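Q: Got a structure for you, questions after.
The values are calculated or read from the model by the stated rules, or taken from the named source; none is laboratory data. Computed from a predicted structure; not experimentally measured. Note: ideal-geometry Cβ built from the backbone for every residue, glycine included; neighbour counts use all protein chains shown.
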Amino acid sequence: MEYLYDGSFDGLLTCIYHHYYQEAATGIYQHEYYQPTLMLSSTVVLTEPALANRVHQAIEEKISADAVAIIYHVYLSSSSDKENLILNYLRLGFKMGAKVDLYHSHPAVYPVHKLDRKVTAEVHRFLGLIRFKDTGNFLYAVLSPDHHILTLIADHFADRLAGERWIIHDQKRKLAIIYDGQDHRKDKSAIQFKWYLTEFSYHMDDDMPSAEQHWQQLWQRYFQQISIESRYNPRLQSHFVPQRYRRHLLEFQTPSLCKDQDSYYAMD
């Protein structure tokens with residue numbers, strides 16, 4: 001039986017529950033992208049948070065808390081087969097317990113660990129590559145990551161920019177995390193609202209006030225002035241700042257400055 005779900009993490013865990021308590025799954029797929037076949041039957045599984053929570057607790061108790069984090073990272077990856085990789089990993093994990101993560105070369109473990117490393121590495125990279133712009137009312141940043149990492153970077157910026165209102169926009173997926181700063185009420189008690197994830201397709205790059213444009217020019221000039229041409233190393237620079245990320249980095253948007261700016265990133 002092939003299980004189809006709505007694309008949510010709770011929906012995926014609900015399918016895992018049905019795999020053990022209803023009928024074994026031959027595959028799990030997002031309903032939106034599923035291509036039916038004549039040989040296999042399929043069914044749509046409705047997301048049930050209570051069942052998903054039971055699976056979540058079972059993974060923590062019978063495998064480990066780290067296993068929950070690992071499969072969540074894989075779920076956020078761009079892999080087209082992530083659901084079945086998670087299914088195979090959990091099937092082995094429920095048999096072996098926490099020892100499953102010691103079998104690094106096992107075919108059910110290796111691809112899961114590989115995707116986990118890719119997602120966590122991209123999160124770490126973007127914590128230093130996100131550039132905020134001041135729109136006058138809030139801070140705005142745009143990125144197009146390989147994986148769906150917005151929820152993994154939100155807490156970091158909610159902590160670092162706790163008193164600011166900001167939006168981080170994943171232009172590739174047309175999603176954004178929005179944080180509304182702090183609300184100081186009459187009793188002077190500061191209440192910090194939690195960030196939330198929402199659909200967001202509005203392009204704000206052309207709506208920057210003149211003051212922000214001035215600061216952008218100063219930022220570009222800064223990179224130009226501090227560069228050391230003798231240490232220009234494009235290969236090393238590309239390792240730390242891949243080409244696919246640069247279209248959202250201000251210091252790469254002025255061709256006349258690129259060579260000098262590249263050398264700054266390439267310092268070793």
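Q: Looking at TYR17, TYR33, TYR72, TYR29 in this structure, which one is without any contact (Cβ under 8 Å) to a residue 12 or more places away in the chain and outside the structural domain of SER144 (by TED's automatic domain parsing)? So that I can check it myself, show each step before the final result.
A: Working: TYR17 fails: without any contact (Cβ under 8 Å) to a residue 12 or more places away in the chain; TYR72 fails: without any contact (Cβ under 8 Å) to a residue 12 or more places away in the chain; TYR29 fails: without any contact (Cβ under 8 Å) to a residue 12 or more places away in the chain.
Among TYR17, TYR33, TYR72, TYR29, only TYR33 is without any contact (Cβ under 8 Å) to a residue 12 or more places away in the chain and outside the structural domain of SER144 (by TED's automatic domain parsing).
Q: Give me the residue from the stretch 57-80 that is of a type outside the set (A, V, I, L, M) and more than 17 Å from the chain's Cα centre (by Cα) and, out of that set, nearest to LYS118 (Cα to Cα). Steps first, answer last, please.
A: Keep residues of the stretch 57-80 that are of a type outside the set (A, V, I, L, M), which gives 57, 60-62, 64, 66, 72-73, 75, 77-80.
Then drop every residue that is not more than 17 Å from the chain's Cα centre (by Cα), which leaves 57, 60-62, 64, 66.
Values: GLN57: 25, GLU60: 23, GLU61: 26, LYS62: 25, SER64: 21, ASP66: 16 Å.
Among those that are of a type outside the set (A, V, I, L, M) and more than 17 Å from the chain's Cα centre (by Cα), it is ASP66.
Q: What tally of residues in the stretch 21-40 results from selecting those that are touching a Leu at 6+ places or on another chain (Cβ under 6 Å) and among the aliphatic types (A, V, I, L, M)?
A: The total comes to 1.
Q: Counting only residues that are modelled with pLDDT under 70, give me the strands (runs of 3 or more DSSP E) lying completely in the stretch 167-268 with at least 2 of them.
A: Values: elements: 175-180, 182-184, 190-192, 196-199.
Output list reads 182-184, 190-192.
Q: Then there is this: Restricting the search to the stretch 78-92, which residues are crowded, with 21+ Cβ neighbours inside 10 Å and under 20 Å from HIS124 (Cα atoms)?
A: If the condition is that a residue be crowded, with 21+ Cβ neighbours inside 10 Å and under 20 Å from HIS124 (Cα atoms), then no residue fits.
Q: Output yes when any residue across the stretch 32-53 is among the small types (Gly, Ala, Ser), touching an Asp or Glu at 6+ places or on another chain (Cβ under 7 Å) and under 21 Å from THR151 (Cβ atoms), and no when none is.
A: Yes, the conditions are met somewhere in the stretch 32-53.
Q: Moving on. Inside the stretch 132-145, can you point out the residues that are part of a loop (DSSP other than H, G, I, E, B) and buried (at least 16 other Cβ atoms within 10 Å of the Cβ)? Spell out how you get there, then give the answer.
A: Residues of the stretch 132-145 that are part of a loop (DSSP other than H, G, I, E, B), as a first pass: 132, 135-138, 144-145.
Matches in the stretch 132-145: PHE132, THR135, PHE138, PRO145.
Q: Step by step: first the residues of the stretch 103-116, then only those that are loosely packed, with under 14 Cβ neighbours inside 10 Å and in contact with a helix residue (DSSP H, G or I) (Cβ under 9 Å, 6 or more places away or on another chain), then the one that is farthest from THR151 (Cα to Cα). Which residue is that?
A: Per the criteria, the residue is PRO107.
Q: For the stretch 1-55, give me the residue count where each residue is in a loop (DSSP other than H, G, I, E, B) and either surrounded by 13 or more Cβ atoms within 10 Å (Cβ to Cβ) or aromatic (Phe, Trp, Tyr) (or both). Step through it out loud before you land on a result.
A: Residues of the stretch 1-55 that are in a loop (DSSP other than H, G, I, E, B), as a first pass: 1, 6-8, 22-26, 34-41, 45-48.
When the remaining residues are screened for being either surrounded by 13 or more Cβ atoms within 10 Å (Cβ to Cβ) or aromatic (Phe, Trp, Tyr) (or both), the result is 1, 6-8, 22, 25-26, 34, 45, 47-48.
Counting residues in the stretch 1-55 that are in a loop (DSSP other than H, G, I, E, B) and either surrounded by 13 or more Cβ atoms within 10 Å (Cβ to Cβ) or aromatic (Phe, Trp, Tyr) (or both) gives 11.
Q: Considering ILE70, ILE63, which residue is closer than 25 Å to ARG173 by Cα and surrounded by 15 or more Cβ atoms within 10 Å (Cβ to Cβ)? Give the derivation first.
A: Details: ILE63 fails: closer than 25 Å to ARG173 by Cα.
Residue meeting the stated conditions: ILE70.
Q: Looking at (1) hydrophobic (A, V, I, L, M, F, W, C); (2) surrounded by fewer than 16 Cβ atoms within 10 Å (Cβ to Cβ); (3) touching a helix residue (DSSP H, G or I) at 6+ places or on another chain (Cβ under 8 Å); (4) over 24 Å from ARG244 (Cβ atoms), which is the one condition that is false for LEU127?
A: (4)
Q: Which members of the stretch 110-147 meet the condition of being in contact with a His (Cβ under 8 Å, 6 or more places away or on another chain) and farther than 21 Å from TYR179 by Cα?
A: TYR110, HIS113, LEU115, ASP116, LYS118, VAL119, THR120, GLU122
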